[in-house]
1. What tally of residues in the stretch 79-93 results from selecting those that are under 27 Å from Arg13 (Cβ atoms) and open to solvent by 90 Å² or more (accessible area, probe 1.4 Å)?
2. Give the stretch 27-38 a look and list any residue that's under 25 Å from the mean Cα position of the chain (by Cα) and open to solvent by 100 Å² or more (accessible area, probe 1.4 Å), or say none.
3. Which ones in the stretch 1-21 are at pLDDT 95 or above and open to solvent by less than 60 Å² (accessible area, probe 1.4 Å)?
4. Could you give me the residue pairs with C-beta distances under 6 Å whose first residue belongs to the stretch 13-37 and is closer than 22 Å to Glu50 by Cα and hydroxyl-bearing (Ser, Thr, Tyr), whose second residue is open to solvent by 100 Å² or more (accessible area, probe 1.4 Å) and outside any helix (DSSP H, G or I) wherever it lies, and which are 6+ apart or on separate chains?
5. Taking interchain pairs and intrachain pairs at least six residues apart, which have beta carbon atoms under 9 angstrom, with the first residue in the stretch 71-93 and farther than 26 Å from Leu49 by Cβ and the second surrounded by fewer than 11 Cβ atoms within 10 Å (Cβ to Cβ) and of a type in the set (Gly, Ala, Ser)?
6. Among Ala76, Ala44, Ala66, which is the only one that is surrounded by 15 or more Cβ atoms within 10 Å (Cβ to Cβ) and assigned to a helix (DSSP H, G or I)?
Amino acid sequence: MYGYSQDSAAYIRRLRRVEGQVRGLQRMVEEDKYCIDILTQISAVTSALESVALGLLEQHLGHCVAGAIAEGGDTAAAKIKEASEAIARLVRS
């Protein structure tokens, strides 16, 4: 079981909200809305996705990485490396 499992319903709700925002963006483009309004909504979607990502990252560190560190050995090193790479991807995006 993964660390976010107990909160998966909340993550699903948040992601469905983001999905609705993306559909709204599609409608805005189809309806030829003002560019700045579309960019503002893109910023909101990006922020919402970043919030989900940070929540998942926090739970991953607290559950998966912490558990691997408690076990020690190669598993711990691998989980730390994996988490570092995920953080690097988030920072670049």
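The values are calculated or read from the model by the stated rules, or taken from the named source; none is laboratory data. Values in this document were obtained by computation on a predicted structure and should not be read as measured data. Cβ sites come from the backbone with ideal geometry, for glycine too, and all protein chains shown count toward neighbours. The area values use the complete protein model at the heavy-atom level, side chains included, leaving out ligands, DNA and RNA. Shrake-Rupley method; radii C 1.70, N 1.55, O 1.52, S 1.80 Å.
1. Matching residues across the stretch 79-93 total 3.
2. Of everything in the stretch 27-38, just one residue is under 25 Å from the mean Cα position of the chain (by Cα) and open to solvent by 100 Å² or more (accessible area, probe 1.4 Å), namely Arg27.
3. Val18, Gly20, Gln21
4. none
5. Here the result reads Ala76/Ala70, each pair linking the stretch 71-93 to a residue that is surrounded by fewer than 11 Cβ atoms within 10 Å (Cβ to Cβ) and of a type in the set (Gly, Ala, Ser).
6. Details: Ala44 fails: surrounded by 15 or more Cβ atoms within 10 Å (Cβ to Cβ); Ala66 fails: surrounded by 15 or more Cβ atoms within 10 Å (Cβ to Cβ).
Only one candidate passes the filter, namely Ala76.
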